[in-house]
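The values are calculated or read from the model by the stated rules, or taken from the named source; none is laboratory data. Remember, predicted model here, so these are calculated numbers, not experimental data. Cβ atoms come from the backbone with ideal geometry, glycine included; neighbour counts cover every protein chain shown.
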Amino acid sequence: MRIEKLSGTDTLRRLDELAGLLADAVAHGASLGFNRPLDPGDVKKHLADVARAVAASDRQLFVAVDERGRVQGSAELAFELCADGQRCAMAQKIIVRHVLRGHGIGTALLARVEQAAGHSVVFLDAGPGTSGATAFCRRLGYSFTGSSPQEAGRADDLPTSRAIFSKSLAGAPSAEPFDLEAPRERRAG
């Protein structure tokens, strides 16, 4: 498994794979701002928007690719304006195909996002208690910062607030290469 950064063109070229990955995540309870039943048109529109943002350098998209070249996970890095007027790094939509969760792929994707962020703080959000996302954030050193309003839906279409997490990267060493083939105990992520 290797982590690759996609261009806007690469994102469009892999649109069907990325749509399948997102559908897998939502079907298995991930809280990604999409509701069931998943509308394929909404997914493709979202991914086309991501491709445009990547092409404009407003977002970065990383994928975990297996030995056959298939996308098995993804993570987005967005840059947004924070309340203090500074540019903030936001890790978004960290997705791993459900049959591969617990093998370090999510951890490797988030480490690559952190490395690319170039900021002293990275923020991410998670649906409280859903699919192990909160435990995943905490295990990787993210601290609960607060909650967002009830605007994003869960996969079951019930309104929910989002838990906001942050991690200070100040003084953090560069990300080490990950050997995803090395045996390790199964855990979320």
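Identify, by number, the condition in (1) modelled with pLDDT under 95; (2) more than 23 Å from A163 (Cβ to Cβ) that E4 doesn't meet.
(1)
Can you tell me which residue in the range 112-147 is modelled with the lowest pLDDT, limited to those that are of a type in the set (S, T, Y) and over 19 Å from V26 (Cβ atoms)? Reasoning before the result, please.
Step one: of the range 112-147, the residues of a type in the set (S, T, Y) are 120, 130-131, 134, 142-143, 145, 147.
Applying the additional criterion that residues be over 19 Å from V26 (Cβ atoms) yields 120, 142-143, 145, 147.
On the way: S120: 74, Y142: 90, S143: 86, T145: 83, S147: 78.
Across the range 112-147, the extreme among qualifying residues is S120.
Residue-wise test of (1) in contact with a Lys or Arg (Cβ under 7 Å, 6 or more places away or on another chain); (2) surrounded by fewer than 22 Cβ atoms within 10 Å (Cβ to Cβ); (3) of a type in the set (S, T, N, Q); (4) in contact (Cβ under 8 Å) with a residue 24 or more places away in the chain.
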{"position": "M1", "(1), (2), (3), (4)": "no, yes, no, yes"}
{"position": "R36", "(1), (2), (3), (4)": "no, yes, no, yes"}
{"position": "V50", "(1), (2), (3), (4)": "yes, no, no, yes"}
{"position": "S57", "(1), (2), (3), (4)": "no, yes, yes, no"}
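Scan A48, A30 and give me the residue that is within 14 Å of the chain's Cα centre (by Cα) and either of a type outside the set (D, E) or more than 19 Å from V113 (Cβ to Cβ) (or both).
Working: A48 fails: within 14 Å of the chain's Cα centre (by Cα).
Unique residue meeting the criteria: A30.
When the residues of the range 66-91 are narrowed to those that are within 14 Å of L18 (Cβ to Cβ) and buried (at least 19 other Cβ atoms within 10 Å of the Cβ), which ends up nearest to the chain's Cα centre (by Cα)?
A75
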